[in-house]
Structure formats: structure tokens, C-alpha cells
Amino acid sequence: MVNPAIDLVIQLGIMFAIGAAMAMAFISISHLLSPRSTNPNKSEPYECGVVPKSDARAPFNVHYYLVAVLFVLFDLEAVFIYPWAVSLRTLGTPALAEMFVFIAILLVGYVYAWKKGVFEWE
Amino acid sequence: MQWPDLVPVIPELILLVAACVVLLVEPFLKTEDGRGDKTAVIAIALTGLLGALVVSLALVGQDRESFAGMLVLDDWAVFFKVLFAIGAGLVILMSPGYLEAHRRHLGEFYALVLLAVVGMDLMAAARDFILLYVALELMAISSYVLAAFFRYRVRSNESSLKYFLTGSFASAIMLYGISLVYGLAGATGYAAVGQALGGRGGSAGVLLAVFLVAVGLGFKVSAAPFHMWTPDVYQGAPTPIAAFFSVGPKTAAFAAIMAAFIVAFPGAVQEWGVFFIVLSIATMLVGNLYALVQTNVKRMLAYSSIAHAGYLLTGVGAMGWAGNSYPGHGVMVYLAAYTFMNLGAFGLLAYLKTQMPHSFDYSLKQMAGLGRRSPWAAVLLSLFLLSLTGIPGTAGFIGKFYVFSGVVWADLWWLAVIGVLLSVVSAYYYLRVIIYMFFREPEEEYEVREPISGGMAASLAVSAIATVVIGILPSWLWDSVASAFNALFD
């Protein structure tokens, strides 16, 4: 009888070995068996079938970043509200009050961003 | 779910509300020239800090816990809350003139400082690793933004990016340690972890967890070899913010180390004690030796703050070595003394920069002739530098005396000898600035803007008075430290 902990390590090791062998096998088989076609179009970046026009690293208006950051913030707010809504009945009144505090703090940020002109597009 | 007891966090709630009000008021301030008069936000921020200070003082002697024991209110937490409120108040007082001179006086500055103070308060009050981490992040994220406050300047950007990268790396390491602690103990509260780990402190898993948490907090106190970011961050950040970084987050991290390690890892005291002793020797050496060769005073003060972290770490290491909280008393006295003398030294640099926004570059040779140009500034800076050296009669001496006597008490007299010898080395680079100020002729005449703003004067005066008072009458500070430790460990 092998020590159970060592047994577990051996089992895990076998699993990792098989996994690695399978990955390597798939890549080498497809490399050996696949048909080759050489076409200059193949090395071009794929952009939904449209021919690429310019470099992807073009400068963007910094405004996009502000809007994106705000989107992430308010999106996460929704992520927090879902589990809160599900367990609100068991948590009771304190949780309700806490959510109002949470939204009030976010609202401060919203008013701040609004007055700073983040939502204005010229 | 119970209603949480909010009394322990009243100071933080006051600061949070003040920060929100600052953010709401700031966009509505507009004058004809479009730059806005910031008196209102400064008043709100200072009122918030004063409120937090008064409420904290009123809460002395309480012993409560809240949020399922995640944070407590005792004399330990109150000591640090008071210290942070005073420190942040001094920083805010010295800032307006400096920011005005750089034409970048925005109200957000004050909101960010207040939020960082909330994080620091919670770090000191936390009795749970999760809350410790969240509070540390609140403090750190505010600090990253503050470091980049002059965002049009390359150096300020560099400072913020370096702080952000190293800081988030350190946070990740610490979080990994916390997850190991949870895996081993099945709990995150300090006391619960200590109970669960109990005697098996010496096992490899526990040592790894302790090591990772210690490294994460070691980054925050800029202990060598995790100090690389400190000089660049302090040099690039606005000077009042460098002052804030050098005292606030560092003190908060020391508070967290002292509160967490003895309680949570009692079985591994010897091991983490030795770890901090090794760190302290490396930190004292690196800080003092690099400071010797600096020609930029701001950068020299950054290295000197590393050296001071080293002196403080000797006390922390002695706590672990002796398995007793007694050497921590000296660390806490030192933290209070260090807050005032370092804020004063950085504050004077901020003052000089405000006087000469275009010509002053913090270099040593520009300090020449300061004794004649503005004698008061030179005298005050000399006082702060002498205190940083540890000359008797100043706060720095009291701090070093208590830390090193605690180290000797733990039978680590050789460590205290190293510390004292390196303090003697530090006299060279501190006194050199004084010699430049009083005994060297300036190479060129500078265009100086006067007068000094009232807030700056008040900030420097409070720092100077506190430095002298702690130096001459340290017993009240010792008493409050002793009651803080009684609250923590009984």
C-alpha cells in the first residue's frame, strides 16, 4: 500500500503527462498531415474579411478611455447588485441600507464625472 | 444580518463624507480666469480631518469591535488615527502654495489625501487579513494617483508608474501569502489564525505564508531589498506628496505588521523575527550608504527615509526575536517622532520650491547661502535634520533611544550597535546640508518669491514644535504608547 498522499501525486502526474502528450500529439499530427497552400493573403491580419486599411495602432481620442473606464465602473455596480438582490431577503434591512450607501458613493462619482464634462462630445 | 456597530469607524466615515463633499464641490468652483478658488475645498478637507481627530481623541479608552471582529476600536487604533489625521492635516496645510506655484491646484488632491487616510486608519484598526488588504489597496490606489498629480511632467508620470507597478506586485505577493494563511488556518482574522496555527508555526507552509505577507508589507515600508522604487517615486512626486508617502503609508504598514504578526503567527516568532532583523540590517546599510552620495536633497531624504525604516525594523525584529511586544513600544514612539520631523524636512523643501518655482531643483549646491537668504527656513531645516540625525533634545533622539533600548532589552545588543553606528554615518549627510546652508556662498543669486503662505507656516511651525516637545517631554507619548500596547495584547 502506497502512502495516499504520494498516490495522489502519482495520479496527478500521470494525468499531467497524458495531457501534455495529447497536446503535443495533436499539434505535431496536424503539422505533419495538413495540406499546405502558400498565398500572400494568408499572412495578412484577418479583419472580418475586409482588406486591412491601416495600422491598428492609431491614436484614439482620450475621451474613449474615460467613457470606457466609467462603463467598467457602472457595469461592476450591476455585478454587485445581482447577488445582493438574490440574498436580500435573508440579509434584511441592514443590507438594503448598505446598498443605498454603495449607490450614493457611486452617484458622487457620477455627478463628478458629469460636471467635469466626461459625457460631452464635441 | 445585524446592524453593524458604526462607532469604531466614525472618524473614517467623517473623512469619507468630507472626501465626497470635496469631489462634489470641486467641479462647481469657477472664477473668471477659469482656475477656481480652492479655499472652500481646503476648508472642507481640513474640517474633515479636524473632525476625525477630535472624534478619535474622544474615543480614547474604548474597547469595541465591529463588522464581525474585522476591525476594532482600542487605544492602539486611536493612536494611529490621531497620528494620521495630524500628518495629513500638515500635508494639506503645506500643499496649496506649492500646487499654486506649479499652476496645478485641483480640489481632487484633497479628496485623494482624505481617502488615503481612510485606508491608513483601517489598516491600523484591522484585525483581519482581508480588511487589511482592502484598506492597503485603498491607501495605495489613492497614492498612485497622487504621485502622478503633475501629469504633464515626465518625472511625475515615471514616479506614479513605478509606484503602481512595484506596489501592485507587492500587493499580489501579500495576497498570495494571505491565501496560504487561509488555506492553512481556515480563517482570516488575526486571532483566529493564531489559534488555528498555534504551535505548528515552524512548518514549511506557514513559514512560506509568513514570508510572503512580510515581503508584501516590506515593500510598503521600503525595506531593502524591496526599496528600489522609493527614491524615484519620492523624487518625481510633488514634494508635499513625497512628504505624505514617507510618513503615512509607512506608518500604516508598520502598524499592520506589529498588530498582525505577533497575534497571527505566534508559533513562528523566531523565524519572522530573524527575517525582519536581516531586512533591518540591509535596509539601514542601503539607506545610509546611498544617502551619503546623493547631491539632490529630496533624493537624499528619500534614502534617509529608507534608513529610518531600517531603524524601525530593528524594533520589529526584536519583537519577534523576544516573542514579546515590548520592543514595539519604541517603534511606535519612533513612528510618532518620525512623522513630525520628516514632514518638517520635506515641508521645508516644498517651501523652498514654492519660493523659487522655476529655479529650485532641490540640489545641494542651491542650499548654499540659505542661512542668509531666509534665516528662519534654514534654522527650521537644521532643526529637522538634527532631529533626523538623532541629536539629544529632539524627537529623533527619543525615537532612536526607545527603539534601540527595546532592541537591547531583547538581547540583541549587537543590532543596536549597528544601528547606532549607522546613525553616526547618517550625521555626515544631514550635517552637510546644514554646512551648505550656513557656511557656503551661493554660486548665483536666485529670484525669490515671498511671502510664505499662512498654511505652510502653520504646518512647519507645528512640525517644529512637535519635534522639540517630543524631544524634551517624551513621557506623555510613552504613556499613550503603553496604553495602546495594553489594548492590543491583553
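The values are calculated or read from the model by the stated rules, or taken from the named source; none is laboratory data. Keep in mind it's a predicted model, so treat the numbers as computed, not measured. Please note: Cβ atoms are built from the backbone with ideal geometry, for glycine as well, and neighbour counts cover all protein chains shown.
Condition check ((1) exposed (fewer than 10 other Cβ atoms within 10 Å of the Cβ); (2) under 29 Å from the mean Cα position of the chain (by Cα)) across all residues:
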| site | (1), (2) |
| --- | --- |
| A:14 | no, no |
| A:17 | no, no |
| A:25 | no, no |
| A:29 | no, no |
| A:40 | yes, no |
| A:54 | yes, yes |
| A:67 | no, yes |
| A:73 | no, yes |
* Asked: Would you pick out the residues in region B:1-20 that are hydrophobic (A, V, I, L, M, F, W, C), more than 22 Å from the chain's Cα centre (by Cα) and within 9 Å of chain A (Cβ to nearest Cβ)?
  -> B:1, B:3, B:20
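For region B:418-442, enumerate the residues that are of a type outside the set (A, V, I, L, M) and in a helix (DSSP H, G or I).
Once the filter is applied, which keeps residues that are of a type outside the set (A, V, I, L, M) and in a helix (DSSP H, G or I), region B:418-442 yields B:419, B:423, B:426, B:428, B:429, B:430, B:432, B:436, B:438, B:439.
Considering only region B:30-41, I want to know if a residue exists there that is of a type in the set (Ser, Thr, Tyr) and in contact (Cβ under 8 Å) with a residue 24 or more places away in the chain. Don't jump to the end; show me each part of the working.
The first filter runs over region B:30-41 and keeps only residues of a type in the set (Ser, Thr, Tyr), leaving B:31, B:39.
Still in the running and in contact (Cβ under 8 Å) with a residue 24 or more places away in the chain: none.
No: zero hits.
If we keep just the residues of region B:107-124 that are touching an Asp or Glu at 6+ places or on another chain (Cβ under 7 Å) and more than 20 Å from residue B:57 (Cβ to Cβ), which is surrounded by the most Cβ atoms within 10 Å (Cβ to Cβ)?
Keep residues of region B:107-124 that are touching an Asp or Glu at 6+ places or on another chain (Cβ under 7 Å), which gives B:107-108, B:118, B:121-122.
Within this subset, residues satisfying the condition of being more than 20 Å from residue B:57 (Cβ to Cβ) are B:107-108.
Working: B:107: 22, B:108: 18.
That would be B:107.
Okay, residues lined up against (1) at pLDDT 90 or above; (2) crowded, with 16+ Cβ neighbours inside 10 Å:
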residue: B:417; (1), (2): yes, no
residue: B:421; (1), (2): yes, no
residue: B:424; (1), (2): yes, no
residue: B:453; (1), (2): no, yes
residue: B:457; (1), (2): no, yes
residue: B:482; (1), (2): no, no
residue: B:485; (1), (2): no, yes
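Please tell me if residue B:462 is surrounded by fewer than 16 Cβ atoms within 10 Å (Cβ to Cβ) and touching a helix residue (DSSP H, G or I) at 6+ places or on another chain (Cβ under 9 Å).
Working: surrounded by fewer than 16 Cβ atoms within 10 Å (Cβ to Cβ): no; touching a helix residue (DSSP H, G or I) at 6+ places or on another chain (Cβ under 9 Å): yes.
Taking the combined requirement at face value, the residue does not satisfy it.
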* Structure fact -> By residue number, the members of region B:124-150 that are farther than 12 Å from residue B:237 by Cβ and in a loop (DSSP other than H, G, I, E, B) are B:127
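Name the one entry in B:423, B:475, B:483 that is touching a helix residue (DSSP H, G or I) at 6+ places or on another chain (Cβ under 6 Å) and at negative phi.
Details: B:423 fails: touching a helix residue (DSSP H, G or I) at 6+ places or on another chain (Cβ under 6 Å); B:475 fails: touching a helix residue (DSSP H, G or I) at 6+ places or on another chain (Cβ under 6 Å).
Testing whether each residue is touching a helix residue (DSSP H, G or I) at 6+ places or on another chain (Cβ under 6 Å) and at negative phi leaves just B:483.
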* **Members of region B:28-69 found to be within 12 Å of chain A (Cβ to nearest Cβ) and either more than 23 Å from residue B:91 (Cβ to Cβ) or acidic (Asp, Glu) (or both), listed by number** => B:28, B:30, B:67
* **Odd one out for residue B:382, checked against (1) over 21 Å from residue B:90 (Cα atoms); (2) surrounded by fewer than 21 Cβ atoms within 10 Å (Cβ to Cβ); (3) not basic (Lys, Arg)** => (1)
* **Given (1) within 14 Å of another protein chain (Cβ to nearest Cβ); (2) surrounded by 10 or more Cβ atoms within 10 Å (Cβ to Cβ); (3) among the β-branched types (Val, Ile, Thr), index of the condition residue A:9 fails** => (1)
* Check off (1) more than 21 Å from the chain's Cα centre (by Cα); (2) of a type in the set (A, V, I, L, M, F, W, C); (3) crowded, with 17+ Cβ neighbours inside 10 Å for residue B:28 and give me the number that stays unchecked. => (3)
* Asked: Of (1) at pLDDT below 85; (2) loosely packed, with under 15 Cβ neighbours inside 10 Å, residue B:36 satisfies all except one. Which?
  -> (2)
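Okay, residues lined up against (1) at pLDDT 90 or above; (2) under 22 Å from the mean Cα position of the chain (by Cα); (3) farther than 24 Å from residue B:92 by Cα:
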| site | (1), (2), (3) |
| --- | --- |
| B:266 | no, no, yes |
| B:287 | yes, yes, yes |
| B:299 | yes, yes, no |
| B:303 | yes, yes, no |
| B:309 | yes, yes, no |
| B:316 | yes, yes, yes |
| B:325 | no, yes, yes |
| B:340 | yes, yes, no |
| B:347 | yes, yes, no |
